[in-house]
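In what follows, a structure is listed as structure tokens, so that the remarks can point back to it.
The values are calculated or read from the model by the stated rules, or taken from the named source; none is laboratory data. Just so it is clear, the structure is predicted and the values come from calculations on it, not from any experiment. Positions of Cβ are generated from backbone atoms using ideal geometry, with glycine treated the same way; all protein chains shown enter the neighbour counts.
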Amino acid sequence: MTDDHVTREHATGADVPEQASWDARYARATVWSGAVNPQLEAEAAALPPGRALDVGCGEGADALWLADRGWAVTALDLSGVALERAARHASDAGRGDGVVWRQGDVRSLVTDERWDLVSAQYFHAVDVVDVVRRLAGWVAPGGTLLVVGHHPADLAVGLRQRIADVLFTAEQVATAVDDDGWTVEVRAARERPARVGDADVTVTDAVLRARRHG
Ligand SMILES: C[S@@+](CC[C@H](N)C(=O)[O-])C[C@H]1O[C@@H](n2cnc3c(N)ncnc32)[C@H](O)[C@@H]1O
């Protein structure tokens, strides 16, 4: 079914409890800046465009950045509120022709599709390695898996206590692709400046980039 340019996955648990809390969060306000995430820009700028899956796309800035570079993007999120806003902003800006906005739960999504880039930027899941294993299964031969998240080092500087259970290191998520079918190209803890509340701080991202053998 399509409503406001958002495709809804009936079979994928659109009414899970987390959906309500993400919807409420997005309904309160625009949550993120609208700018492309820095690690996506750093890791994907040199990739040849193809088909991309943006997992937990939120308000859609990364999906639009990819589409502007020629990628055909499936932008997946649990939150219909986020997706409707993303689709509306894209259409108001005359962008997003290459994006399909799709509501679904990555933990239960069933698909035969394969993507040349599967990207998850700051995806929150307590079972993150299981989720990354699913994402890896959707990467086409020769394609790239990019997983970026908040690193546990942020706790040491007084950040992210509320989401401590969803922080991870690149080494932890790399266990999802530790077989012969993959080359891990980047496994890093990368610092960057950020504004959190009223403070200028240094945060740390966990960055995993892996290539599936062709
Ligand atoms: C921290 S936000 C990151 C959003 C965006 N990637 C960004 O960097 O601005 C996490 C996103 O994942 C979505 N999400 C959470 N659980 C999900 C699930 N099980 N399946 C699909 N999306 C999910 C949320 O609705 C939210 O938009």
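Could we say that Gln172 is modelled with pLDDT of 95 or more, polar (S, T, N, Q), within 19 Å of Trp22 (Cβ to Cβ) and surrounded by 16 or more Cβ atoms within 10 Å (Cβ to Cβ) here? First the steps, then the outcome.
Working: modelled with pLDDT of 95 or more: yes; polar (S, T, N, Q): yes; within 19 Å of Trp22 (Cβ to Cβ): no; surrounded by 16 or more Cβ atoms within 10 Å (Cβ to Cβ): yes.
The answer is no for Gln172.
Those residues that are away from the ligand (no atom under 13 Å from the Cβ) and either of a type in the set (A, V, I, L, M, F, W, C) or without any contact (Cβ under 8 Å) to a residue 40 or more places away in the chain (or both), I need them from segment 119-137; list them, please. Once the filter is applied, which keeps residues that are away from the ligand (no atom under 13 Å from the Cβ) and either of a type in the set (A, V, I, L, M, F, W, C) or without any contact (Cβ under 8 Å) to a residue 40 or more places away in the chain (or both), segment 119-137 yields Val129, Ala136, Gly137. Name the pairs whose Cβ atoms lie under 6 Å apart, with the first residue in segment 18-37 and assigned to a helix (DSSP H, G or I), the second within 11 Å of the ligand (Cβ to nearest atom) and of a type outside the set (Val, Ile, Thr), and 6 or more positions between them or separate chains? That search, which allows pairs on different chains as well, returns Gln19/Leu78; Trp22/Leu78; Trp22/Ser79; Asp23/Ser79; Tyr26/Ser79; Tyr26/Ala82.
Please find, within segment 70-111, the residue that is farthest from Asp23 (Cα to Cα) out of those that are of a type in the set (Lys, Arg) and within 14 Å of the ligand (Cβ to nearest atom). Please lay out each step first, then the result.
Let us first name the residues in segment 70-111 that are of a type in the set (Lys, Arg), namely 85, 88, 95, 102, 107.
Okay, now just the ones that are also within 14 Å of the ligand (Cβ to nearest atom), so 85, 102, 107.
Numbers: Arg85: 11, Arg102: 15, Arg107: 18 Å.
Only one residue fits best here, namely Arg107.
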